[in-house]
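Novice: Okay, here's the structure, questions in a sec.
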Amino acid sequence: MNAEKVANHIVNWLKTYAENAKVNGFVIGISGGIDSAVTSTLCAETGFSTLCVEMPIHQGENQINRGKEHISQLKERFKNITSEEVELTSVFENFKSAVPRVEDSSKVDLSLANTRARLRMTTLYYFAGFNGLLVVGTGNKVEDFGVGFYTKYGDGGVDLSPIADLMKSEIFELAAYLKVPDSIQNAQPTDGLFGDSRTDEDQLGASYDELEWAMNVIDKGKTTDDFVGRQKEVFDIYTKLHRANKHKMIPIPICEIDQLIKI
């Protein structure tokens, strides 16, 4: 991949979109991960106002430190960067105390993890509303269109997605070109939604490289019968996740009503 050409293309696309939308710039959640670091750097390069928002909820210290390092670096490199930190832990705890308790802890854990993402989405739109900004998504192609590894109306609730046509490996290439801090480039990808040390690979059961492979071979018409061993296992993981999360990747179903029924 030609990282320079891709970066320039995305920056120009962002600028054109912002100009046509007649907005002041962009707002983006900073997690300490590589996707948000790459995306916020691309937004910064547009010259438009770019607001970076940290929204910790029982966040690991290493994630917080990486996010702060990235924002500090951006401010040194670009004059159009501002930042806010909104501590959402107490909001999250208040929510937990307000909803009924459920016996199945595994389902509760996942539901609460998604709640974290939705609280953050609400916070970003709060800032977007009175600053005249667009909420920028940080999902990559594997997450958004492969395995659906994001929260519906959480980190999936955005105005535009500049890196959603790039594989995770390509994101890493862009990160190196854009001089994203090494601490972020070398960190294990994690969504940080569970308040523990689990990585994305722990949750998905496969690495991003493996999932990219599966996504590519499916595009070539391969099926599970074409593989054995670990390749078959990864292929099955990918297809199971894609099927289960398909509802995130397609438009909301509309019950269309024929005019004859309305008469």
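Bear in mind these aren't lab numbers, they're just calculated from the coordinates by the rules spelled out. None of these values were measured; they are calculated from a predicted model. Quick reminder, even Gly has a Cβ in these numbers, built from the backbone with ideal geometry, and neighbours come from all protein chains shown.
Novice: For the stretch 82-125, take the alpha-carbon Rg, divide it by the Kirkwood Rh, and send me Rg/Rh.
Specialist: 1.05
Novice: Could I ask something else about it? What are the lysines whose alpha-carbon lies under 21 Å from the alpha-carbon of Lys96, with same-chain residues fewer than 8 places away excluded?
Specialist: Straight-line reach from Lys96, under 21 Å: Lys107, Lys152.
Novice: Let me know the charge dipole size of the chain about its Cα centre in debye, to the nearest 20, where only the beta-carbon of Lys, Arg (+1) and Asp, Glu (-1) is charged. Numbers along the way, then the final one.
Specialist: On the way: 28 positive and 38 negative charges, 120 e Å.
Value, rounded to 20: 580 debye.
Novice: What ³J(HN,Hα) values, in whole Hz, does the Karplus curve 6.51 cos²θ - 1.76 cosθ + 1.60 give for the stretch 66-75 when θ = phi - 60°, with x put for Gly and Pro?
Specialist: 5, x, 5, 4, 5, 4, 4, 5, 4, 5
Novice: Right, next: Within 10 Å, count the other beta carbons around each residue, average over each peptide in 224-230, 149-155, and list them highest first. Spell out each step's value before the answer.
Specialist: Numbers: 224-230: 10.9, 149-155: 20.0.
Sorting 224-230, 149-155 by mean packing, highest first, produces 149-155, 224-230.
Novice: Highest mean first, how do 210-218, 81-89 rank when packing is the count of other Cβ atoms within 10 Å averaged over residues? Present the calculation step by step, with values, prior to reporting the outcome.
Specialist: Working: 210-218: 18.7, 81-89: 16.0.
Put in order of decreasing packing, that is 210-218, 81-89.
Novice: How would the stretch 186-263 be classified by its alpha-carbon gyration tensor: rounded, prolate or oblate, with rounded meaning a/c under 1.5 and the a/b versus b/c comparison settling the rest?
Specialist: Oblate is the answer for the stretch 186-263, as a/c is 1.5 or above yet b/c matches or exceeds a/b.
Novice: Starting from one equal scatterer on each C-alpha and no solvent at all, send me the Debye-based log10 I(q)/I(0) for the stretch 112-169 at q = 0.19 Å⁻¹, two decimals.
Specialist: Summing over Cα pairs of the stretch 112-169 leads to -0.67.
Novice: For the pairs Lys22/Lys168; Lys141/Lys232; Lys15/Lys141, note any where the Cα-Cα span goes beyond 23 Å.
Specialist: Violating the 23 Å limit, Cα to Cα: Lys22/Lys168.
Novice: Report the rotationally averaged projected area of the stretch 3-192 based on its alpha-carbon convex hull, in square nanometres. Before the final figure, lay out the partial values.
Specialist: Values: hull surface 42.6 nm².
That works out to 10.6 nm².
Novice: Dipole of the chain (Lys/Arg Cβ +1, Asp/Glu Cβ -1, origin at the Cα centre): which of Leu88, Ile257, Leu112 lies farthest to the positive side?
Specialist: After comparing all options, I get Ile257.
Novice: Over the alpha-carbon set of the stretch 50-143, work out the extent along each principal axis and list the three values in angstrom, largest first.
Specialist: Ordered largest first, the stretch 50-143 gives principal extents of 50, 31, 30 Å.
Novice: Would you list Ser36, Ser105, Ser169, Ser161 from fewest to most Cβ contacts within 10 Å?
Specialist: Values: Ser36 23, Ser105 9, Ser169 13, Ser161 16.
Ordered by Cβ neighbours within 10 Å, fewest first: Ser105, Ser169, Ser161, Ser36.
Novice: Continuing with the same structure: Arrange Ile250, Ile57 by Cβ neighbour counts within 10 Å, fewest through most, would you?
Specialist: So the residues, fewest neighbours to most, are Ile250, Ile57.
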